[in-house]
Structures are given as structure tokens and as C-alpha cells.
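Worksheet for the structure shown next.
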Amino acid sequence: MPPRSHGPHTYVFQLFALDQATGLPASFTLEDTLAAIKGHVLGRARLDGTYEIR
């Protein structure tokens, strides 16, 4: 959550539909995730939003 009166912050969320489970451990990195989903993405959705606390 952005600090109060700090201006708008942009957030990007992505959802991937995969043809199999990733098998990632409880602790993983972005690089681990990208390697695990490579070649298994059936579809993708993206939501961009801006949020500000005044």
C-alpha cells in the first residue's frame, strides 16, 4: 500500500493459465517461476491499476 499523500502508484497483476502444476517450493524467485512456466502457458490475463491514498 502506498504511503498517504505520496501520489498515485501503478500496480500490474498477471494471471497465467498453465497446462500443468509448477511444482515450485514454498520459497521461490521470479526467475524460478518464469523457468517453471516456460512452454506451459495456455493463456494470460493482465490487470493494470492505479491507487492513491489522499
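For Cα Rg over 2.2 N^0.38 Å, several values are listed as (1) 1.10; (2) 1.27; (3) 1.54; flag the one computed from this structure.
Here the calculated entry is (3).
Of the residues LEU15, LEU42, LEU24, which exhibits the maximal mean-square fluctuation in a Gaussian network model of the chain defined by a 10 Å Cα contact cut-off?
LEU24
Out of region 1-30, which chymotrypsin sites (Phe, Trp or Tyr not before Pro) are coil in DSSP terms and have no more than 16 other C-beta atoms within 10 Å? Walk me through the intermediate numbers first.
Details: sites: TYR11, PHE13, PHE16, PHE28; in loops: PHE28.
Sites meeting the loop and neighbour criteria: PHE28.
Could you sort the peptides 44-52, 31-39 by per-residue average Cβ neighbour count (10 Å cutoff), highest mean leading? It would help to have the intermediate numbers written out before the result.
On the way: 44-52: 9.4, 31-39: 11.7.
The densest-packed peptide leads the list: 31-39, 44-52.
Tell me the mean residue ellipticity at 222 nm calculated for the chain from its helices only (DSSP H runs of n ≥ 4, each -39500 (n - 2.57), averaged over every residue, nearest 500). Show your work: numbers first, answer last.
Numbers: 1 runs with 8 residues, N = 54.
It comes out at -4000 deg cm²/dmol, rounded to the nearest 500.
What nm distance separates the two modelled labels at ALA26 and ARG54, each placed 7 Å from Cα along Cα→Cβ?
About 4.3 nm separates the two model spin labels.
Here, each number is a calculation from the coordinates, and none is a lab measurement. Keep in mind that what you see is a predicted model, and the values were worked out from it rather than measured. Neighbour counts are summed over all protein chains in view; Cβ atoms, including those assigned to glycine, are modelled from backbone coordinates with ideal geometry.
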